[in-house]
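Undergrad: First the structure, which I've put down as structure tokens, then a few questions once you've had a look.
Only the coordinates and a few stated rules stand behind these numbers; no lab work does. This structure is a prediction, so every number in the text was calculated from the model and none was measured. We place every Cβ from the backbone using ideal geometry, glycine too, and count neighbours over all the protein chains shown.
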Amino acid sequence: MSKVHVVTNVNGEPREMLCEPQQSLLEVLRDELGMTGTKEGCATGDCGACSVMLNGRLVCSCLTLGVEAEGADITTIEGIAEGSQLHPVQRKFLEHAALQCGICTPGFIVATKALLDRNPNPDETTIRYWLAGNLCRCTGYDKIIRAVQDAATELAHEA
Amino acid sequence: MAEARDYRAIGTRPVRPDGVDKVTGRANFGADMTLPNMIHGKVLRSPHAHARIKSIDASRALQLPGVYAVISGADFPSGAEGEISGEGGGTVSDLAKNIMARDKALYHGHAVAAVAAKTAFLAESALELIDVDYEVLPPVLDVDTAMADGAPLVDEHQRTGGGQGDAPSNIAAITKFERGDPEAGFAAADVVVEGAYRVPTAHQGYIEPHACTATLDEEGRATVWCCTQGHFDVRSMTAGVLGKSVGEIKVIPSEIGGGFGGKTVIYLEPLAVKLSELTGRPVKMVMSREEVFRATGPTSASHCRVKVGAKRDGTITAATAWLAYEAGAFPGAPVGPGCMSVFAPYDLDNFRIEGFDVLVNKPKAAAYRAPGAPQSLHAMESTIDELARKLGMDPIDLRLANCADEGTHAPYGPTFPPIGIKKCLEAAKAHPNYTTPKAEGTGRGIAAGFWFNIGMQSSAEVRLSEDGTVTVMEGSPDIGGSRASMCLMAAETLGVPYNIVRAHVGDTESTGFCNVTGGSRTTFATGLAVVQACEDIIAECKQRAAMTWDIDADQVDWTDGEAVPKPGVNIDVAPLSLADIAGNAGRTGGPILGRASLNAQGAGASFSVNFADVTVDRETGKVDVLNFTAIQDAGTAIHPAYVEGQMQGGAVQGLGWALNEEYVYDNNGVMENAGFLDYRIPVASDMPMIDTQIIEVPNPSHPYGVRGVGETPIVAPLAVTSNAVSDALGFRISDLPLSPPSVLAAIDAHDEA
């Protein structure tokens, strides 16, 4: 089967690639563009480790085809920090020890930023349900929730 | 002996040194490796739980363009020998047969062949073209059936205890501990409680699937990149399976995306090396989540019976435990540690413990966080809860009346040095979450947890750069913040700021031997090596200062990161800082290095007390955890946030096992829920905040009093949940998981009775 030419925009940069029709966006990001910050935990949309933003929507990149990225705007974990400045969500994850092994962390950070972009002041229940599609096996979620709450507070003060 | 004292670095909560890479996506995990010319390997797995492999024909697969090689059991040396070092133990022979079946496939998902091809997609397509002729055999799927007379045999050569005399059996080994006279103890009891408890197979559930990349050069030297809890053990296990020497293999650990014991063993590495040998190209292998569930280490399902007798004042007079654990297809269930843990929180004169390591046609059990203890202590702590009800005693008071303490002769042998169980119980009793009465319609459960912790071998080197910054090199994969702990202990010892110390995990050829990150040993044992290597640095710095000042080294003190003349040494010099000495090292003898290697003794037993309030929905059977409190003795918390993280993460893993997690099998031994949708681990919306209280009873065998903290947290939550649900319902459900269907069925059965 011949490859498909895809033109897309990743973290604000135009990218071109050839992808197999069956390749997921996750595989394209990792294997074709070398952007391995987005992780595979299940490849069935259950764990959220592969979370990216596609045209402003939070999606599992394992459930999206690479060819669907044609003409799209994609944000991955590599695009969350602004230059050499960590995003407040990244900083709060560090300060609260909200990661242990760190494999789920990129997905959580992308999902958290998506939440706070649309709801700057979520309560604990809202945060827990928004992040229910992101599995973490190390932390028990406590410190993640606190990091998100603290990031929301800081972003509210900045605004 | 270590005493509680004021520290400058220890006990603070700085950002971990590897943190920025992990929040930006730069950190490289197992599947992130890419090499030029790399090809991909995939594994063909048995569709039967028990089958004789009559033949394997790969000719159709090999005709597919882009398929480079196919291997099966015949490609590996037979007669691999030796024991596996490290936490789980076992033999190299069983390991070799587990990662590639020989004459029999012993569980659904057992590897029978592997393919290397240009792409992963092509390799997977090629698997369908490998023709395997199986003779399907009846599987044995649970511990009770496997122990019964006339059960199908998983291994026709297996005899109990490995002997040759008796008839073959699925019981691979029997463990026994006994003290005093249990029968007399029960006769002297006013109250006797006994129960039988079943805990299902559960998976460690690390989010990162197993992955490795391997190359073999023209001289036969292999390099392996992989995610593992112990790359030195990967090296020896891979060497054992392939019949190579460890000197022919270099293992480079990636970051590791969770392990919980499941990445102390290997599955892919020898296959990738063999495929690289046959193709002359680097081979990458990454498991799917389904493969992780079907073919990698779950922990044992178990059937435990516990009986406890006590006087009316609560004094326990006798206890017995009968513990049967599923090993999976090869010997090695964690029933030994299960036996050693079952009564560990208590001071008992009369007891008997029997454990059975039982083969079944399921994946070979691997270590899972405090291996074996959650199952047996679920039985014991449920029984203690029933005893408290019968006696009308507060469950904490009953435990305080019987708990182990310094000087107690532990059921598994040693006499305890200072331990924290009593302080944890007292802290629980005083905790506001406990003194607040439970709300109407809720249930409260409490239980104790325990893990031995281990020491084992570690090495560390500490180097000074010319500006006085400090590099720590050690060989324990950082699975949850251990680099930060190493930096804190180094900063404390040297008397320098945390932020000038960086810790690194070296590969098998760039640092000295370290056993696995397992057994809650890393902060204790590798930390001890780091502290000793820093002391080596201090001794050297004192030498260099003495040389500079033209005095004897024993006239120099090390204070707050500086060399100073000892009080009474009459010279007028300014103190020399670490940076001063490092900057001048070229003129005083050359670069400054410290090193240490050890086999750490005195790991220090770890105890916890947990409690929680729950509600049970009698219409649906759903259990909600309203609050959870974890109290644990950490010896000394080096980085308290990561200690709390271990307590919280272990609590939620235990709650998942108690509430939902189980391997569901059909009658043919096929796991029916091999994915995160159906094997449901806790998600954020299932859980409350996990309140923690760290107790510090310093471990006398560590300069800063460290006890391992990683494993104990998973132990108590199983019985906490059972006890809380029993309290809410007014009757006990003995078996786990307490999932909605099983709770509803138990409510219906109870209402009918």
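Undergrad: What does the charge dipole of chain B about its Cα centre add up to, to the nearest 20 debye, if the Cβ of each Lys and Arg holds +1 and the Cβ of each Asp and Glu holds -1?
TA: 660
Undergrad: Still on this structure, please answer the following. Any lysines with Cα under 16 Å of the B:Lys362 Cα? List them, leaving off those in the same chain fewer than 8 positions away.
TA: Partners within reach: B:Lys97, B:Lys104.
Undergrad: Something else about it: Averaged over peptide B:207-214, how many Cβ atoms belonging to another chain are found within 10 Å of each residue's Cβ?
TA: Average neighbour count from other chains, rounded to a whole number: 4.
Undergrad: Then there's this: Quick test of your reading: applying the under-4.7 Å Cβ rule, which cysteines of chain B are isolated?
TA: Flagged as lacking a Cys partner: B:Cys227, B:Cys304, B:Cys339, B:Cys403, B:Cys424, B:Cys487, B:Cys514, B:Cys534, B:Cys541.
Undergrad: How much length is gained if the chain between B:Asp103 and B:Asn499 is pulled fully straight, taking 0.36 nm per residue apart and subtracting their Cα-Cα distance, in nm to one decimal?
TA: The span from B:Asp103 to B:Asn499 would gain 137.0 nm if fully extended.
Undergrad: Excluding residues fewer than 8 places away in the same chain, name every one of the aspartates and glutamates whose C-alpha is closer than 16 Å to that of B:Lys263.
TA: Within reach: B:Glu87, B:Glu208, B:Asp233, B:Glu255, B:Glu291, B:Asp478, B:Glu711.
Undergrad: When Lys and Arg each count +1 and Asp and Glu each count -1, what net charge do the other residues less than 13 Å away from B:Asp190, Cβ to Cβ, add up to?
TA: The answer is +2.
Undergrad: Expected output is a single nm value to one decimal: the length gained when fully extending between B:Ser597 and B:Asp560, i.e. 0.36 nm times separation in residues minus the C-alpha distance. What is it?
TA: 10.8 nm
Undergrad: For the modelled label position 7 Å from the Cα of B:Ala430 along Cα-to-Cβ, which residues of the stretch B:636-659 have backbone nitrogen atoms closer than 16 Å?
TA: Those under the cut-off are none; the list is empty.
Undergrad: Can you work out ³J(HN,Hα) from phi for every residue in the stretch B:739-747, in order, using Karplus 6.51 cos²θ - 1.76 cosθ + 1.60 and θ = phi - 60°, giving whole Hz and x for Gly and Pro?
TA: Computed from phi, the couplings for the stretch B:739-747 are 7, x, x, 6, 5, 4, 4, 5, 5 Hz.
Undergrad: I want to check the label-to-label distance for B:Ala74 and B:Lys118. Put each point 7 Å from Cα in the C-beta direction and report it in nm to one decimal.
TA: 2.8
Undergrad: Now for a different question. Would you kindly state how much longer the chain becomes between B:Asp21 and B:Arg389 on full extension, computed as 0.36 nm times their sequence separation minus their alpha carbon distance, in nm to one decimal?
TA: 127.3 nm
Undergrad: Counting other C-beta atoms within 10 Å, which of B:Tyr134, B:Tyr704, A:Tyr141 has the fewest, and how do the rest follow?
TA: B:Tyr134, B:Tyr704, A:Tyr141
Undergrad: Here is a further query. What is the list of residues in the stretch B:727-749 whose amide nitrogen lies under 14 Å from a point 7 angstrom out from the Cα of B:Glu672, following Cα to Cβ?
TA: B:741-742
Undergrad: Please give the average number of partner chain Cβ atoms lying within 10 Å of the Cβ of each residue in A:140-150, rounded to a whole number.
TA: 6
Undergrad: Taking each residue of B:10-23 in turn, how many C-beta atoms of other protein chains fall within 10 Å of its C-beta, and what is the average?
TA: Average per residue, whole number: 5.
Undergrad: Taking a cut-off of 21 Å, what percent of all Cα-Cα pairs in the stretch A:4-79 are separated by more than that?
TA: 12
Undergrad: Taking every alpha carbon pair in the stretch B:7-120, what does the distance histogram look like in 10 angstrom bins from 0, in percent?
TA: 11, 26, 27, 19, 11, 5, 1
Undergrad: Taking the alpha-carbon distance from A:Lys3 and a cut-off under 20 Å, which lysines remain once sequence neighbours fewer than 8 residues away in the same chain are dropped?
TA: B:Lys118
Undergrad: Further, regarding this structure: Give the order of B:Arg587, B:Arg595 when sorted by the count of other beta carbons within 10 angstrom, beginning with the fewest.
TA: Lowest count first: B:Arg587, B:Arg595.
Undergrad: At a Förster radius of 45 Å, what calculated FRET efficiency corresponds to the Cβ-Cβ distance of B:Glu128 and B:Phe513, to the nearest 0.05?
TA: The pair B:Glu128/B:Phe513 has a calculated efficiency of 0.60.
Undergrad: In this model, which of B:Lys390/B:Lys438; B:Lys250/B:Lys542; A:Lys143/B:Lys422; A:Lys143/B:Lys250; A:Lys143/B:Lys364 are farther than 26 Å apart at the alpha-carbon?
TA: Over 26 Å Cα-Cα: B:Lys250/B:Lys542; A:Lys143/B:Lys422; A:Lys143/B:Lys250; A:Lys143/B:Lys364.
Undergrad: Arrange B:Leu488, B:Leu387 by Cβ neighbour counts within 10 Å, fewest through most, would you?
TA: Ranked by crowding around the Cβ, least crowded first: B:Leu387, B:Leu488.
Undergrad: To the nearest 20 Debye, how big is the dipole of the protein assembly as shown about its Cα centre, given +1 on the beta carbon of each Lys and Arg and -1 on that of each Asp and Glu?
TA: Rounded to the nearest 20 debye, it is 340 debye.
Undergrad: 7 Å from Cα along Cα→Cβ at both A:Asn55 and B:Glu406: what's the point-to-point distance in nm?
TA: Here the answer is 6.9 nm between the modelled labels.
Undergrad: Would you work out which of B:Leu137, B:Gly180, B:Ala120 lies farthest towards the positive end of the dipole of the stretch B:111-195? Charges go on Cβ: Lys and Arg +1, Asp and Glu -1.
TA: Ranked along the dipole, the leading option is B:Ala120.
Undergrad: So how far apart, in nm, are the two label points at B:Ser245 and B:Lys622 if each is 7 Å from Cα heading toward Cβ?
TA: With each label placed 7 Å out from Cα toward Cβ, I get 6.2 nm.
Undergrad: Still on this model: Take each of the peptides B:570-581, B:45-56, average the number of other beta-carbon atoms within 10 Å over its residues, and list them starting from the highest.
TA: B:45-56, B:570-581
Undergrad: Run the dipole for the stretch B:628-701 about the Cα centre, Lys and Arg Cβ at +1, Asp and Glu Cβ at -1, nothing else charged, and hand back the magnitude in debye, nearest 20.
TA: 160
Undergrad: Next question, about the same structure. At 0.890 mPa s and 25 °C, plugging the Kirkwood radius over alpha-carbon pairs of the protein assembly as shown into Stokes-Einstein gives what diffusion coefficient in µm²/s?
TA: D, rounded to a whole number, is 86 µm²/s.
Undergrad: Hey, another quick one. Post the alpha-carbon centroid distance, the stretch B:320-371 to the stretch A:103-127, in whole angstrom.
TA: Taking the Cα centre of the stretch A:103-127 as reference, the centre of the stretch B:320-371 is 41 Å away.
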